[in-house]
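Each remark here refers to the structure printed beneath this line.
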Amino acid sequence: MVKVKGRKGPSLAQSLDNKLIGLIHKLLDEKSTEKANKNQAQNDDEDIDIEDDDEFKNIALVKDLRFTEVMIYVQQKDLSLQRIKKVMLEKTLEKVLKQMRDEESLELESITGKPVEEELDSDFDGVNVDDLVEVKDQNLANKSVVNLWNIKPANVLTVNQDNNTNNTNNNNNNNNDPSTQSNNNDNDNNETETYNENETEDIEKKMIEDVDGSSKEVKKSKKRSNDSSRPSKRQKIDKDRNPPNASLAQLGGMDDVVTQLMELVGMPILHPEIYQATGVEPPRGVLLHGPPGCGKTTIANALAGDLKVPFINISAPSVVSGMSGESEKKIRELFEEAKSLAPCIIFFDEIDAITPKREGAQREMERRIVAQMLTSIDELSLDKTNGNPVIIIGATNRPDSLDPALRRAGRFDREICLNVPNEISRLNILQKMTQNLKIDGDLDFQKLAKATPGYVGADLKALTTAAGIASIKRIFKSLTNDDELLAEGILTLNQIEALSTIQKFLIKHPNRLTQDQLEPLAITYDDFLTALPTIQPTAKREGFATIPDVTWESVGALTNIRIELNMAIVQPIRNPGIYERVGIHAPAGVLMWGPPGCGKTLLAKAVANESRANFISIKGPELLNKYVGESEKAIRQVFTRARASIPCVIFFDELDALVPRRDTSLSESSSRVVNTLLTELDGLNDRKGIFVIGATNRPDMIDPAMLRPGRLDKTLFIELPNANERLDILKTVININKTPVDSDVDLSTIAHDERCRNFSGADLSSLIREAGVIALKRKFLNLDVNEQDQQMQDHDDEIYVTREDFERAFNSVKPSVNDRDRLKYDRLNKKMGWSLNTDETEQKESSSV
């Protein structure tokens, strides 16, 4: 292929130059026309003839044009120039103007024969510097800020030191003469004003001579005088690094943790020669983690108090600084101080605040802090600390948020979990906390420990404090008698009714109590029972549910189901040793299914109450989240909390909403939720001490993998009650609710009524409630509204639920399950083979018919 040579066109730079030259010529033409018109009008008004020797009077020259004026003109006349970069356009325009001015000057010089003076192109060119006004910087902004500090300036003893000394002597000599003293004060004020206005620069400058003998003024830095009374801006405060006064003997229920800490911290601190002789590297750090209030900070202080070594207590957020590099400097100074105090212990409280995962850090400073912590810990070997160990103890309730590099061996060698205390641990903690209290009588610590499931050490401390306050209120009430206040005329009857017990006590006893009055002040077991409902355990705020008040006495019938639940959950929690003898180590999972209203949730509450274990109640859909990964994270958090508070019972209500059957129609997010729950139930993580109960009325919708052995391996069918079970349920509900039933009511007849054949436990409870409402209507329906209120306020005890009330209640209460649904549940039970006893089931069906 032959390449045809064409004529080379102009470049982009040349085209831009030509365009600007054309626009400038156009501007000169417009200015020339405007100038000629202006001069013509001026000559017509003044009747002056135009002189011939001024031949350039009506011609605009390039040298008269200003750069800014030309720039605005060309951009207005040609809009395409506005799209060109400003820097490029300015450089090109300067070059074109310079070129045109040079050509114009040569042309004018050839015409006139005289050199042309260069015209100024800037508004500030040609201005004499000596004519400018010198503006001194008064530094008013900084002075206004400094004045807000209310700090007196330091005395400057440089030039006028002798004068100040003489003035002081004169003041001392003239103290007795008021006139002289006033004159001196006036002179001092004048001198101060003169100093502030005229001599500031003289004090801040000094004259120095150069080598050649010349002199120059050099600014002298403002340095604080040694005689200044003002303290330095950054003054180091000697921090107390002495060991705390706490002791491990004051702690209860933490024997295992104390043993591990003495092994990991006590031995290297007290006997480092053992590790040096054997060549074994001692541990450098221990990480304490667990729910809030379990005693992580307390046990660290108590350990340092027993070891009697320097204790550097650092709150992790105090290390963070706003200046770049300051946080890393603080960490380096802390570790250098620890090396100088060795052997010692460094305790970082809430260490997760300064050592988050670096891949998720928001700022670069957080990554630098983590890196500085890692390098500082690596430098704590015995050869770098002169054989004196320095051990780090970290505390956090979010161990998963720490950087993984910090949790490896050689840094935090051991991680100790402080779990929620069990019943035995709570008993020991209560005994330790009450040993210094003034107790009246014996405290039943066993009952208190059983009544406080889910309570951590901080909650038990709050319980003892609340019991002390309850005892003080009780003593206040006994020392304050309303009759005495009335008899002494201190208060009137209306005032006494308006005041509280403490206000009455303060009025009655304004002075300190005597020893005789303080003698009966003591804490009793009843004070603990009074304070118990006022304490909200930390576990409840962390997602745990309180132990329900439902007992086995609140559950009617379901005898076989109760036996199975007792053997599967209650007894393994109470007596785990018996199950270990027969080789049963893993806890069982139980799935309760059946028609709605048959008591599945009620049974789970009764199991939690009977076992007295920590109880987590999960409503199936509440863990689901629309954001990717949040649902799986919520499931992992549930099991993490459960591991930190074993033994623990997790109850999943409406399980079918959380783990539906996986197939092609199921979304990917729902499948991930099912997979997460399956791995948590029977994955690599140990599930020892965690018992799972599920409840559903749609077992066919649950993924089959959930029902294999090792997960929810025990399935219990909670079917509709037969006639005898309905009678038992009616008696139980009436006893629990204390419903007044008339003697003519035959509960057996109601239970065997054909209308109750498909009634569940919830339907029977609703039947009794509706009969009670009908009895109230029958009693108060014929009265006016005012009479109804009056009669109800009189607490009439003659209200009884009669047989007619039950008959009328049958008309409004219908069964929750019809015959078709009942047959479907029975077929599903036979198909899956989940029945406890087929013969027993058939017997129940025949008796119900």
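Only one residue in ARG822, ARG808, ARG769 is under 49 Å from the mean Cα position of the chain (by Cα), of a type in the set (Lys, Arg) and either modelled with pLDDT under 70 or not in a loop (DSSP other than H, G, I, E, B) (or both). Which one? Walk me through it before giving the result.
Details: ARG822 fails: under 49 Å from the mean Cα position of the chain (by Cα); ARG808 fails: under 49 Å from the mean Cα position of the chain (by Cα).
On inspection, the qualifying residue turns out to be ARG769.
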Only one of LEU406, LEU341 that is within 26 Å of the chain's Cα centre (by Cα), in contact (Cβ under 8 Å) with a residue 12 or more places away in the chain and farther than 30 Å from LYS461 by Cβ: LEU406
Total residues in the range 397-421, condition basic (Lys, Arg), touching a strand residue (DSSP E or B) at 6+ places or on another chain (Cβ under 9 Å) and open to solvent by 50 Å² or more (accessible area, probe 1.4 Å): 3
From VAL582, VAL607, VAL590, residue being of a type in the set (A, V, I, L, M, F, W, C) and farther than 30 Å from PRO815 by Cα: VAL582
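Of the residues ASP728, ASP682, ASP653, ASP663, which is acidic (Asp, Glu) and touching a helix residue (DSSP H, G or I) at 6+ places or on another chain (Cβ under 7 Å)?
Working: ASP728 fails: touching a helix residue (DSSP H, G or I) at 6+ places or on another chain (Cβ under 7 Å); ASP682 fails: touching a helix residue (DSSP H, G or I) at 6+ places or on another chain (Cβ under 7 Å); ASP663 fails: touching a helix residue (DSSP H, G or I) at 6+ places or on another chain (Cβ under 7 Å).
Unique residue meeting the criteria: ASP653.
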Criterion: open to solvent by less than 40 Å² (accessible area, probe 1.4 Å) and in contact with a His (Cβ under 9 Å, 6 or more places away or on another chain) - qualifying residue of ALA644, ALA695, ALA634, ALA705: ALA644
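Residues in the range 303-324 that are surrounded by fewer than 16 Cβ atoms within 10 Å (Cβ to Cβ), touching a residue at least 12 places away in the same chain (Cβ under 8 Å) and under 28 Å from the mean Cα position of the chain (by Cα): how many?
Taking the range 303-324 first, the residues surrounded by fewer than 16 Cβ atoms within 10 Å (Cβ to Cβ) are 308, 315, 317-318, 320-324.
Then keep just the ones that are touching a residue at least 12 places away in the same chain (Cβ under 8 Å); that gives 308, 315, 317, 320, 324.
Restricting the remaining residues to those that are under 28 Å from the mean Cα position of the chain (by Cα) gives 315, 317, 320, 324.
Matching residues across the range 303-324 total 4.
So that you can scan it fast, the table gives a plain yes or no per residue for (1) farther than 30 Å from ILE429 by Cβ; (2) of a type in the set (Lys, Arg):
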| site | (1), (2) |
| --- | --- |
| THR278 | yes, no |
| PRO282 | yes, no |
| GLY290 | no, no |
| ASN301 | no, no |
| ASN313 | no, no |
| SER324 | yes, no |
| LYS329 | yes, yes |
Enumeration of residues in the range 326-385 that are open to solvent by less than 70 Å² (accessible area, probe 1.4 Å), in contact with a strand residue (DSSP E or B) (Cβ under 9 Å, 6 or more places away or on another chain) and in a loop (DSSP other than H, G, I, E, B): ALA342, PRO343, ILE354, THR355, LEU380
Output for the range 727-765, where each listed residue is assigned to a helix (DSSP H, G or I) and open to solvent by 50 Å² or more (accessible area, probe 1.4 Å): ASP728, LYS731, ASN735, ILE736, ASN737, THR749, GLU754, ARG755, ALA762
Some residue of the range 251-262 being modelled with pLDDT of 85 or more, open to solvent by 100 Å² or more (accessible area, probe 1.4 Å) and out of contact with any Ser or Thr (no Cβ under 6 Å at 6 or more places or on another chain): yes
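Those residues that are in a loop (DSSP other than H, G, I, E, B) and not charged (D, E, K, R), I need them from the range 606-624; list them, please.
Narrowing the range 606-624 to residues in a loop (DSSP other than H, G, I, E, B): 612-613, 624.
Those that are in a loop (DSSP other than H, G, I, E, B) and not charged (D, E, K, R): ALA613, LEU624.
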All positions within the range 63-114 that are farther than 17 Å from GLY22 by Cα, aliphatic (A, V, I, L, M) and within 60 Å of the chain's Cα centre (by Cα): ILE84, VAL87, MET88
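Mind listing just one residue for me: the one in the range 687-714 that is among the charged types (D, E, K, R) and in contact with a Pro (Cβ under 9 Å, 6 or more places away or on another chain) and, of those, modelled with the highest pLDDT? Explain how you work it out, then say what you get.
Residues of the range 687-714 among the charged types (D, E, K, R): 687-688, 698, 700, 703, 708, 711, 713-714.
When the remaining residues are screened for being in contact with a Pro (Cβ under 9 Å, 6 or more places away or on another chain), the result is 687-688, 703.
Numbers: ARG687: 73, LYS688: 76, ASP703: 85.
Ranking the candidates gives ASP703 first.
For residues in the range 625-665 being in a helix (DSSP H, G or I) and of a type in the set (Ser, Thr, Tyr), which is farthest from ALA588 (Cα to Cα)? Talk me through it step by step, then tell me what you get.
Narrowing the range 625-665 to residues in a helix (DSSP H, G or I): 630-643, 655-657.
Keeping just the survivors that are of a type in the set (Ser, Thr, Tyr) gives 631, 640.
Values: SER631: 25, THR640: 18 Å.
Ranking the candidates gives SER631 first.
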Long-range neighbours under 8 Å by Cβ, at least six apart or interchain, first residue closer than 16 Å to ALA60 by Cβ and surrounded by 12 or more Cβ atoms within 10 Å (Cβ to Cβ) within the range 105-116, second β-branched (Val, Ile, Thr) and at pLDDT below 80: SER105/VAL116; LEU108/VAL116
Some residue of the range 715-726 being part of a helix (DSSP H, G or I), open to solvent by 10 Å² or more (accessible area, probe 1.4 Å), at pLDDT below 90 and of a type in the set (Val, Ile, Thr): no
Pair list, Cβ < 6 Å and 6+ apart or interchain, from the range 579-600 residues that are of a type in the set (A, V, I, L, M) to residues that are open to solvent by 30 Å² or more (accessible area, probe 1.4 Å): ALA588/LYS714; VAL590/LYS714
The lone exception for PHE615 - which of (1) open to solvent by 40 Å² or more (accessible area, probe 1.4 Å); (2) modelled with pLDDT under 85; (3) not small (Gly, Ala, Ser) it fails: (1)
Count - residues of the range 808-825 that are within 10 Å of ARG755 (Cβ to Cβ) and exposed (fewer than 14 other Cβ atoms within 10 Å of the Cβ): 2
Close pairs from the range 522-537: first more than 14 Å from ASP440 (Cα to Cα), partner of a type in the set (Phe, Trp, Tyr) and outside any helix (DSSP H, G or I), Cβ under 8 Å, at least 6 apart: ILE535/TYR455; PRO537/TYR455; PRO537/PHE544
Members of the range 422-456 found to be among the charged types (D, E, K, R) and open to solvent by 50 Å² or more (accessible area, probe 1.4 Å), listed by number: GLU423, LYS432, LYS438, ASP440, ASP442, ASP444, LYS447, LYS450
Index of the failed condition, VAL218 passing every other in (1) open to solvent by less than 100 Å² (accessible area, probe 1.4 Å); (2) at pLDDT below 85; (3) part of a loop (DSSP other than H, G, I, E, B): (3)
Matching residues in the range 587-618 - criterion: being farther than 14 Å from VAL649 by Cα and in contact with a helix residue (DSSP H, G or I) (Cβ under 9 Å, 6 or more places away or on another chain): MET592, TRP593, GLY594, PRO595, PRO596, GLY597, CYS598, GLY599, LEU602
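To keep it simple, each residue is scored yes or no on (1) in a helix (DSSP H, G or I); (2) at pLDDT below 85; (3) open to solvent by 50 Å² or more (accessible area, probe 1.4 Å).
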{"residue": "LYS19", "(1), (2), (3)": "yes, no, yes"}
{"residue": "LEU23", "(1), (2), (3)": "yes, no, no"}
{"residue": "LYS26", "(1), (2), (3)": "yes, no, yes"}
{"residue": "ASP29", "(1), (2), (3)": "yes, no, yes"}
{"residue": "LYS35", "(1), (2), (3)": "yes, yes, yes"}
{"residue": "ASN39", "(1), (2), (3)": "yes, yes, no"}
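The values are calculated or read from the model by the stated rules, or taken from the named source; none is laboratory data. Every value quoted in this text rests on a predicted model; they were computed, and no experiment measured them. Backbone-built Cβ (ideal geometry, glycine too); neighbour counts: all protein chains shown. The accessibility values were calculated without ligands, DNA or RNA, using every heavy atom of the protein model including side chains. Shrake-Rupley method; radii C 1.70, N 1.55, O 1.52, S 1.80 Å.
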